Amino acid sequence: MNSGLNNIHNIIKTASAEALAETANEPEPETPRKKEWPIDCVVGPGLEGAIACQSKVGYVNGTKGWLVYRGYNIFDLCAHSTYEEVCYLLLNGCLPNRTQLADFKQKLFEYSFMNNVLRRLMGFDIEKMSVMGALRLGINLMRTEFSDFDLIEGLPSLSDAIAADEDSIPMDAIPFGEKHATFEFKMKKGRKRKTHKIERQVDKISSYDTAIQLIAGVSTIIAAASRLHQNRFPLEPHPDLSFAGNLIYMITGRRPSPAEERIIDISLICHADHGMNASTFATMVVASTLADIYFSVGAGVSALSGPLHGGANLDVVKQLRQIGRVENVGKWVDEKLSQKNKISGFGHRVYRSYDPRARILGPLVGHLADESSRIASLYEVAKELERTVAQKVGAEKKIFPNVDFYSGLLYSCIGFDEELFTPMFAASRIAGWTARAIEYLENNRIFRPRALYIGELRNTYIPVENRD
Ligand code: COA
């Protein structure tokens with residue numbers, strides 16, 4: 001192992017030992033066991049605290065600061081594993097042997113080539129879209145390209161149009177509300193509207209290969225959209241590079257150093273799964289309707305695009321720039337706290353201890369910052385901010401840095417634009433989305449919570465002419 005990679009390994013080992021020491025006094029969780037439904041739980045608004053399903057994919061323990069994928073803790077996975085191996089683990093429930101891993105990597109590599117999808121994507125105004133918007137569209141294009149069934153596939157498509165002029169359509173054939181229709185369709189001989197059996201849908205949705213294809217495809221689309229934003233053509237993946245290495249290469253066009261490749265690999269591992277967060281839940285809700293997995297993952301991308309979910313790391317970097325210098329930190333924090341404002345990158349709904357992902361990513365940013373004076377000064381501000389918040393409110397309110405505190409800085413070190421921060425999250429979380437959707441479908445039940453109705457019940461109807 002070269003010395004850079006050795007350092008990275010030691011950083012994770014140290015972080016793991018610190019986590020263990022700091023939370024040693026917190027109680028160990030019970031050994032998980034299957035529960036019979038219905039399950040008693042206290043539910044808050046937004047389903048907070050609700051138990052919606054049972055899962056073996058991943059586990060978060062906020063007091064111990066644990067993040068576990070399929071029984072393996074995040075520190076061990078980051079120290080010894082690769083993102084490819086972790087994807088296999090999440091999807092299959094066990095770590096792969098050498099042959100299984102080689103096959104899995106080969107599939108990921110092959111699925112990364114999506115020339116038809118990218119060609120179609122380039123037909124849209126990608127430069128006017130956010131990368132998340134392009135990703136949403138790209139996943140839809142993947143669906144069109146790779147999915148051989150669609151509930152309306154038996155209907156004619158625009159390519160079947162035989163006339164593009166309104167006058168050629170007999171008046172009585174124009175459906176009400178479509179007065180501006182400009183296409184007339186001819187049904188292909190023998191073509192019938194297909195009905196799809198639910199079993200076939202489930203079979204397709206739970207397709208393991210589709211999940212691998214989506215894991216590969218999301219990174220390809222993100223990289224292509226980013227290249228198009230830079231007025232450059234998308235790049236094909238390089239056979240010598242790992243998944244993480246190719247992600248960097250396909251975005252920046254340069255071959256990453258082994259340390260950069262490994263650090264992005266670790267960042268992908270850290271973001272791969274995190275319980276029933278909003279985007280995972282959104283993916284599962286759509287999958288539970290037996291919509292296919294492309295539509296399901298599209299919902300996950302949409303949920304992630306919101307600033308309350310995927311965007312906090314962007315705020316952190318803006319915040320650090322705004323503070324500017326280490327000497328400004330104390331005053332800045334006092335002002336924020338006195339105005340009862342939240343400081344981005346601190347606090348977490350689940351963790352009441354140091355987020356293990358921040359514990360890993362923080363020193364890795366330090367490792368990269370040594371190479372870049374621009375990032376080094378922001379890293380110094382970040383360290384001082386962490387120290388100050390810990391001292392002023394951290395211990396009392398149990399507020400520690402979360403994963404977003406360091407992830408944006410880490411991407412900046414690699415040279416990724418801020419517009420890629422949230423997409424990078426998607427490039428990794430796609431593994432958790434697909435693993436959990438597939439698992440859920442094994443015992444599927446459509447999600448159907450209730451709302452507590454607090455509106456009127458007995459209003460007297462007033463005709464429109466009498467309403468003032
Ligand atoms: N900065 C300052 N104070 C914070 C804080 C932060 N980032 N996060 C929580 N607190 C304080 C709250 O003001 C509250 O104080 P109070 O008891 O005096 O009212 C206390 O800690 C508990 O906070 P609460 O809002 O109940 O925590 P939560 O679990 O509901 O919220 C977050 C969790 C993530 C929404 C919240 O910490 C936050 O908004 N963080 C900043 C945004 C961020 O980094 N998001 C990414 C999350 S991965």
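The values are calculated or read from the model by the stated rules, or taken from the named source; none is laboratory data. Only a predicted model underlies this, so the values are computations on that prediction, with no experimental measurement involved. Because the Cβ atoms are built from the backbone with ideal geometry, glycine has one as well, and the counts that use them run over all protein chains shown.
Data for the structure
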quantity	calculated
Condition check for SER305: at pLDDT 95 or above and either buried (at least 24 other Cβ atoms within 10 Å of the Cβ) or under 23 Å from HIS348 (Cα atoms) (or both)	no
Of the criteria (1) within 13 Å of the ligand (Cβ to nearest atom); (2) assigned to a helix (DSSP H, G or I); (3) buried (at least 21 other Cβ atoms within 10 Å of the Cβ); (4) of a type outside the set (Asp, Glu), which one VAL329 fails	(1)
Identity of the residue in the stretch 385-421, surrounded by fewer than 24 Cβ atoms within 10 Å (Cβ to Cβ) and of a type in the set (Val, Ile, Thr), that ends up nearest to ALA19 (Cα to Cα)	ILE399
Subset of the stretch 299-314 that is assigned to a helix (DSSP H, G or I) and within 9 Å of the ligand (Cβ to nearest atom) - its residue that is farthest from PHE421 (Cα to Cα)	ALA312
Filter result for the condition that a residue is free of Cβ contacts under 8 Å to residues at least 24 places away in the same chain and in contact with a Leu (Cβ under 9 Å, 6 or more places away or on another chain), over ALA272, ALA278, ALA282, ALA225	ALA282
SER296 being crowded, with 22+ Cβ neighbours inside 10 Å, more than 12 Å from the ligand (Cβ to nearest atom), at pLDDT 95 or above and not in a loop (DSSP other than H, G, I, E, B)	yes
Scope the stretch 400-434; condition more than 20 Å from GLY300 (Cα to Cα), small (Gly, Ala, Ser), away from the ligand (no atom under 16 Å from the Cβ) and part of a helix (DSSP H, G or I); matching residues	SER412
Neighbours by Cβ (under 8 Å, 6+ apart or cross-chain): first from the stretch 359-378, closer than 29 Å to ASP76 by Cβ; second among the polar types (S, T, N, Q)	LEU361/SER267; LEU361/SER407; PRO363/THR14; LEU364/SER267; HIS367/ASN7; ILE375/SER412
Residues of the stretch 344-373 classified as part of a loop (DSSP other than H, G, I, E, B) and either surrounded by fewer than 24 Cβ atoms within 10 Å (Cβ to Cβ) or more than 8 Å from the ligand (Cβ to nearest atom) (or both), total	12
